[in-house]
1. Need a quick list: strands (runs of 3 or more DSSP E) entirely within region 183-237 having at least 1 residues that are hydrophobic (A, V, I, L, M, F, W, C), more than 15 Å from the chain's Cα centre (by Cα) and over 16 Å from Val167 (Cα atoms).
2. When residues of region 302-342 are filtered for being more than 26 Å from Gln237 (Cα to Cα) and surrounded by 21 or more Cβ atoms within 10 Å (Cβ to Cβ), how many remain?
3. Assuming Thr121 fulfils every condition listed in (1) in contact with a Gly (Cβ under 6 Å, 6 or more places away or on another chain); (2) at pLDDT 95 or above apart from one, which condition is it?
4. What pairs can you find where one residue is in region 43-64 and free of Cβ contacts under 8 Å to residues at least 24 places away in the same chain and more than 13 Å from Val88 (Cβ to Cβ), the other is in a loop (DSSP other than H, G, I, E, B) and of a type in the set (D, E, K, R), and their Cβ atoms are less than 7 Å apart, with a gap of 6+ or different chains?
5. On the given criteria, is Ser195 under 18 Å from Leu264 (Cβ atoms), buried (at least 22 other Cβ atoms within 10 Å of the Cβ), in contact with a strand residue (DSSP E or B) (Cβ under 9 Å, 6 or more places away or on another chain) and touching a residue at least 24 places away in the same chain (Cβ under 8 Å)?
6. Evaluate region 162-179: report whether one residue or more is of a type in the set (Phe, Trp, Tyr), part of a strand (DSSP E or B), within 25 Å of Asn244 (Cα to Cα) and modelled with pLDDT of 95 or more.
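The values are calculated or read from the model by the stated rules, or taken from the named source; none is laboratory data. This one's a predicted model, so the numbers in the text were calculated from it and none came from an experiment. Cβ coordinates were reconstructed from backbone atoms using ideal geometry, including for glycine residues, and neighbour counts include every protein chain displayed.
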Amino acid sequence: MKRSLFVYIFCGIFFILNISSIDYGSYTTVGNFGSLSLADGDRLLGFSSFVGDLTITNSFDVVTWDCYYPLIGSFTFNGGTLELQENVNIASESTFFDGGTLVGNGQTVHFSPSEATRSLTGPFVLDNVALIFESAVSLTGTFEFKNNCKIIGRESTIDFSAATVIVSDDAQLWLKDLTVDGIGDGTLYCSGSSSQLVLESVELIQDGNYSFIAGFLDIVGQIKMRGGYGFSYESDQQCIIHRNSELFFDSGMTFSYNTSASDLVVMEDFTSTLYLYETTLFSAVPGLHLTKGIFTVDGECPVYSGASVENEGIQLGDGTRVNNVKYNPLPESGLSIRSGYVVYENV
């Protein structure tokens, strides 16, 4: 009798929990919904128009987006989780509020153009999702990216000055076609040696000195480093300047190479370019050894090396023809060696 009573109670609880989740809309008919409070297991489906604000009730709730129409209202996470089975198009006056987790499953969140600067406030965890911004956006708080994520700007500006953007270990964050403002120590970093930050056609504007201390850095297209501060490469993993790509340092910048090996700035082939415009170059021991690619110097570029012997200095080429570096000083330009060694090893 006690066992039967327990089974009845368990089945009753399971039945109540099971029916508590709600499907809003369907895959066959069009539906219109205003503002909704969403609970764990709720799904937003198919041919449904959500014109009001959507709010996840509790931090432990997981809600699924599988809707084909744009989100007209704003979405408040309250620490909960939104899992995507379809792309989300966000209307111009809408945004995400109050932090939470966005599980993208490879889908895209597209923020439509907005006349005012759009604001996103964390903490947010973003997992396997692409964010597309058509206009300016400002991030505040912590944003942690897991698995494979992208931020695509379509030539818009994103402000990191009040944010902490973290690329998790074993994750990749790809920044593409945007200007990133407010870069300084602690605003953007890889949390582990297997993290990867990919920059494609990006302008980084620093508002303070910035150190890249861990993970891989990939340069695709033209990357412009600006702001008049120091950029220090300190990771034990490679910085790869890919083919037909350029890492450009603007006037007043300092590029410091301060890591454990001399060969971690990799120019993939003869079309890869490191471009210094009136930039100070510093290399700590064991030196900076460049092979392949093009090394362009524009204006006077002071060089400081911590080397006491030649092989710990800044070296162009390695004595083999296939690894020659094209040294390309523009008219009335050149390296001004203030300390240490710059060694020409081309053949």
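1. 222-226, 230-233
2. Total meeting the criteria: 0.
3. Of everything listed in (1) in contact with a Gly (Cβ under 6 Å, 6 or more places away or on another chain); (2) at pLDDT 95 or above, Thr121 misses just condition (2).
4. These pairs meet every condition: Phe60/Asp40; Asp61/Asp40; Val62/Asp40.
5. yes
6. yes
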